[in-house]
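One structure is given here, and the rest of the page talks about it.
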Amino acid sequence: METIRCLILGSGPAGYTAGIYAGRAGLSPVIYEGLQPGGQLTTTTEIENFPGYPEGIDGNQMMDDLRQQAERFGAEIRAAIAVKADLETAPYTLTFDDGSVVQCHTLIIATGATAKYLGLTDEEKYKGQGVSACATCDGFFYRKKQVAVVGGGDTACEEATYLAGLASKVYLIVRKNYLRASQAMQDRVFENPKIEVLFETNTVGLFGEDGVQGAHLVRKKGTPEEENLDIAIDGFFLAIGHKPNSDLFRPWVKTDETGYIITEGMTPRTGVPGVFAAGDVADPLYRQAITAAASGCKAAIEAERYLSEKGL
Ligand code: NDP
């Protein structure tokens, strides 16, 4: 069976950056692209907050550049999705959806997190055209415009507050009659005159030509007071949680209750020797391309040290 020295799962900023560093360190890394080649950034339009691009850069272009940079240093990129992992004893075994099975001495888990969506067909229709799951990424495009954020947790409140600094008006659409966010976050929302909280409200559709122009909402659904209303918005932001893609590894690595991999202190070490986690799969707090890239770099450095200590 093939044994890879440094196997990287995931092709977002964490995976590719790990590939660049591991390649330059001579580890002959193999990157498995996974479910969404290029990761979450391929679903945004322009990236303006990644240092080094004063004019901004298209998300797909940036991921393409990162892939080429990893390949330049010898990373091999394979298009397959891991479906099974066995991290019981080293070398570790991974099985992929194309039926291939490989072993690896070091594993960098950079499988990311997937933003949750409501499941409306209109979300698909307007993705990248007014529908976003990242206010920090896309908020800037909605300066002086009206937007809505869906969700009642800390992320929703944080994103609504962030967007209120840019947009002319922010609706916060909450399905219950209360916010689940921490009190401090709630206070910020309620004290902000630009934010209007719509409690007990569900989104049932979006409308607009060439992008979102509004949302169809239902208030107090299923009660005698049920009422339909439409709001005019240019941007529709989902903040109903993320699902870290860690299921395959949970029997061996520690995760928090949501499934984020818990790493040791400031390091990407998972507790399983030679297995490291980088990027959003291990980051419930920041979830930025630059922080993911940085953790991919750390993971590759750790992998190099591990391999050289073991003489592998
Ligand atoms: P949460 O799971 O805390 O909140 C998700 C929110 O989305 C809830 O209000 C939930 O509603 C709502 N929701 C879920 N599904 C739907 C749906 N289908 N339709 C409408 N609404 C829906 O996720 P967050 O991303 O907000 O937070 C994740 C973790 O990260 C939390 O522990 C949070 O505290 C932490 N965090 C901390 C921050 C900070 O401290 N600065 C910032 C951001 C996050 P309901 O309440 O009805 O279930």
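The values are calculated or read from the model by the stated rules, or taken from the named source; none is laboratory data. Just so it is clear, the structure is predicted and the values come from calculations on it, not from any experiment. Here Cβ is always computed from backbone atoms with ideal geometry, including for glycine, and neighbour counts include all displayed protein chains. SASA here: full protein model, heavy atoms, side chains in, ligands and nucleic acids out. Shrake-Rupley method; radii C 1.70, N 1.55, O 1.52, S 1.80 Å.
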**Report entry** Residue check, T258 in the same structural domain as L7 (by TED's automatic domain parsing), away from the ligand (no atom under 13 Å from the Cβ), out of contact with any Lys or Arg (no Cβ under 6 Å at 6 or more places or on another chain) and of a type outside the set (A, V, I, L, M, F, W, C)
**Finding:** no
**Report entry** The lone exception for V131 - which of (1) out of contact with any Pro (no Cβ under 7 Å at 6 or more places or on another chain); (2) farther than 23 Å from V204 by Cα; (3) within 16 Å of the ligand (Cβ to nearest atom) it fails
**Finding:** (2)
Query raised in the report: Assuming E158 fulfils every condition listed in (1) charged (D, E, K, R); (2) part of a strand (DSSP E or B); (3) in contact with a helix residue (DSSP H, G or I) (Cβ under 8 Å, 6 or more places away or on another chain) apart from one, which condition is it?
Result: (2)
Requested in this report: For the range 94-128, name all the residues that are open to solvent by 20 Å² or more (accessible area, probe 1.4 Å) and away from the ligand (no atom under 16 Å from the Cβ).
Outcome: T95, D97, D98, G99, S100, V101, Q103, H105, T111, K125, K127, G128
Query raised in the report: Is it the case that some residue within the range 197-209 is within 16 Å of the ligand (Cβ to nearest atom), open to solvent by 10 Å² or more (accessible area, probe 1.4 Å) and closer than 30 Å to G274 by Cβ?
Result: no
**Report entry** Subset of the range 161-196 (residues that are open to solvent by less than 20 Å² (accessible area, probe 1.4 Å) and in a helix (DSSP H, G or I))
**Finding:** L163, A164, V189
Report summary line: Residues of the range 161-176 being in contact with a Gly (Cβ under 9 Å, 6 or more places away or on another chain), within 16 Å of A239 (Cα to Cα) and more than 11 Å from the ligand (Cβ to nearest atom), in sequence order, are L163
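Among the residues of the range 68-90, is there at least one that is of a type in the set (S, T, N, Q), over 17 Å from I4 (Cα atoms), modelled with pLDDT of 95 or more and surrounded by fewer than 18 Cβ atoms within 10 Å (Cβ to Cβ)? Before the answer, list the steps.
Filtering the range 68-90 for residues of a type in the set (S, T, N, Q) gives 68-69, 89.
Those left that are additionally over 17 Å from I4 (Cα atoms): 68-69.
This time we only want the ones that are modelled with pLDDT of 95 or more, so: 68-69.
Narrowing the set further to residues that are surrounded by fewer than 18 Cβ atoms within 10 Å (Cβ to Cβ) leaves 68-69.
Yes - at least one qualifying residue is present in the range 68-90.
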Query - Residue, nearest to the ligand (Cβ to nearest atom), within the range 232-244, restricted to residues that are assigned to a strand (DSSP E or B) and surrounded by 19 or more Cβ atoms within 10 Å (Cβ to Cβ) - result: H242
Requested in this report: Answer with yes or no whether V147 is open to solvent by less than 70 Å² (accessible area, probe 1.4 Å), part of a loop (DSSP other than H, G, I, E, B), away from the ligand (no atom under 14 Å from the Cβ) and not assigned by TED's automatic domain parsing to the domain that holds T291.
Outcome: no
Report summary line: Counting only residues that are over 21 Å from the mean Cα position of the chain (by Cα) and over 19 Å from I109 (Cβ atoms), the range 54-88 contains a total of 8
Query raised in the report: Looking at D154, D138, which is the one that is closer than 28 Å to R269 by Cβ and surrounded by 15 or more Cβ atoms within 10 Å (Cβ to Cβ)?
Result: D154
